[in-house]
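Remarks on the structure that follows.
The values are calculated or read from the model by the stated rules, or taken from the named source; none is laboratory data. None of these values were measured; they are calculated from a predicted model. Cβ coordinates were reconstructed from backbone atoms using ideal geometry, including for glycine residues, and neighbour counts include every protein chain displayed.
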Amino acid sequence: MNDRTPSAHNTGLLTDRTVMITGASSGIGEAAARLFASEGAAVVLMARREDRLKDLTHEIEASGGQAACSVGDVTRADDVERAVATAIERFGRLDGAFNNAGYAGSTFGRSHELPEEDFDRIMDVNVRGTWNCLRRQIPVMLDAGHGTIVNTASSAGLIATGAPSPYVAAKHAVLGLTKATAAEYGAYGIRVNSLIVGTTRTEMINAAVTANPALEEAFVARQIQKRMAEPQEVAEAALWLLSDRSSFATGSHVAVDGGILAI
């Protein structure tokens, strides 16, 4: 548990905390930004699309929330460092992080059919990007004596889902980073968990389904609920992991996958 007491005027799950969100310009990250702000957090939004970030920041502020944005790519360490610095400069702290930025590749196919540049970008965004975030978020949390981090993984991090093999490998690596950092920093008041996310109706997935309508049936075939998740549903699980409601959870992988792992 931590020593922060929620303000009397707001008893949201993230009251009086600052949370950094990557991949915040669309999909799960965008939904998380709105949800976390509504639960009392000051949110620091990071993504590559400046116009989308600024619009979302203004929307949250217009609704009475606190938000700041930092344009950047998680594969660039300096960009991540700037986002962490934005949290400190604007809000004086960094209590939580939702390392959500991800990339599944531009080509669906078997391993020998995939372009080399897809492998490089998938690994860079999912693995190096998560690593970059952890390396710059954790020192701030160590100084504060507390912190909570959630990394977005995937059911592809545990099983071969039919996703491109570099993506499967990358999400396995995200789970490894989660377990290792949870073990390293648990004694210092820092919790690190991951979300095992099933196919979610994000902008990227919608574009893929539009280009190839047969993909939607393939995406939901393995899921017990026979539908894709909505971004808000995944954001709700991240909210729980970032809050004190999950105070004894660390090094864990919470499935929000529609039942893929159950069958």
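Give me the residue from the range 72-84 that is touching an Asp or Glu at 6+ places or on another chain (Cβ under 9 Å) and not in a helix (DSSP H, G or I) and, out of that set, surrounded by the most Cβ atoms within 10 Å (Cβ to Cβ). Explain how you work it out, then say what you get.
Let us first name the residues in the range 72-84 that are touching an Asp or Glu at 6+ places or on another chain (Cβ under 9 Å), namely 72-75, 79-80.
Pick out the ones that are also not in a helix (DSSP H, G or I) and you get 72-75.
Values: Gly72: 22, Asp73: 17, Val74: 27, Thr75: 21.
Taking the candidates together, the pick is Val74.
Quick one: count up the residues across the range 231-256 that are over 30 Å from Ala187 (Cα atoms) and touching a Ser or Thr at 6+ places or on another chain (Cβ under 7 Å). Spell out how you get there, then give the answer.
Filtering the range 231-256 for residues over 30 Å from Ala187 (Cα atoms) gives 231-233.
Going one step further and asking which of them are touching a Ser or Thr at 6+ places or on another chain (Cβ under 7 Å), we end up with 231.
Residues in the range 231-256 being over 30 Å from Ala187 (Cα atoms) and touching a Ser or Thr at 6+ places or on another chain (Cβ under 7 Å): 1 in total.
Of the residues making up the range 229-263, just one is of a type in the set (A, V, I, L, M, F, W, C), in a loop (DSSP other than H, G, I, E, B) and either free of Cβ contacts under 8 Å to residues at least 12 places away in the same chain or buried (at least 20 other Cβ atoms within 10 Å of the Cβ) (or both), namely Phe248.
Being more than 20 Å from Ile205 (Cα to Cα) and part of a strand (DSSP E or B) narrows it down to one of Ala97, Ala87, Ala173, so name that one. Reasoning before the result, please.
Values: Ala87 fails: part of a strand (DSSP E or B); Ala173 fails: part of a strand (DSSP E or B).
Testing whether each residue is more than 20 Å from Ile205 (Cα to Cα) and part of a strand (DSSP E or B) leaves just Ala97.
The residue that is surrounded by the fewest Cβ atoms within 10 Å (Cβ to Cβ), counting only those in the range 190-228 that are under 13 Å from Thr161 (Cβ atoms) and among the small types (Gly, Ala, Ser), is Ala221. Among the residues of the range 15-31, at least one is within 28 Å of Ala163 (Cβ to Cβ), among the polar types (S, T, N, Q) and in contact with a Phe, Trp or Tyr (Cβ under 9 Å, 6 or more places away or on another chain).
Do you know which residues across the range 171-189 are surrounded by fewer than 23 Cβ atoms within 10 Å (Cβ to Cβ) and either farther than 16 Å from Asp143 by Cα or modelled with pLDDT under 95 (or both)? Write out each step before concluding.
First, the residues of the range 171-189 that are surrounded by fewer than 23 Cβ atoms within 10 Å (Cβ to Cβ): 172-173, 175-177, 179-180, 182-189.
Residues satisfying the conditions are His172, Ala173, Leu175, Gly176, Leu177, Lys179, Ala180, Ala182, Ala183.
Does Phe108 qualify as being part of a helix (DSSP H, G or I), closer than 22 Å to Thr199 by Cβ and hydrophobic (A, V, I, L, M, F, W, C)? Spelling it out, it is not the case that Phe108 is part of a helix (DSSP H, G or I), closer than 22 Å to Thr199 by Cβ and hydrophobic (A, V, I, L, M, F, W, C).
One residue stands out in the range 13-35 among those that are in a loop (DSSP other than H, G, I, E, B) and of a type in the set (S, T, N, Q): the one that is surrounded by the most Cβ atoms within 10 Å (Cβ to Cβ), namely Ser25. Of the candidates Val209, Val127, the single residue that is modelled with pLDDT of 95 or more, at negative phi and of a type in the set (Val, Ile, Thr) is Val127. The residue of the range 228-263 that is modelled with the lowest pLDDT, among those that are over 17 Å from the mean Cα position of the chain (by Cα) and of a type in the set (Val, Ile, Thr), is Ile263. For the range 36-71, the set of residues classified as in contact (Cβ under 8 Å) with a residue 24 or more places away in the chain, part of a loop (DSSP other than H, G, I, E, B) and out of contact with any strand residue (DSSP E or B) (no Cβ under 6 Å at 6 or more places or on another chain) consists of Glu39, Gly40, Arg48, Arg49, Ser63, Gly65, listed by residue number.
All of (1) over 20 Å from Glu233 (Cβ atoms); (2) in a helix (DSSP H, G or I); (3) out of contact with any Phe, Trp or Tyr (no Cβ under 6 Å at 6 or more places or on another chain) hold for Val220 with one exception: (1). Within the range 87-111, the residues that satisfy the criterion of being within 18 Å of the chain's Cα centre (by Cα) and not small (Gly, Ala, Ser) are Leu94, Asp95, Phe98, Asn99, Asn100, Tyr103.
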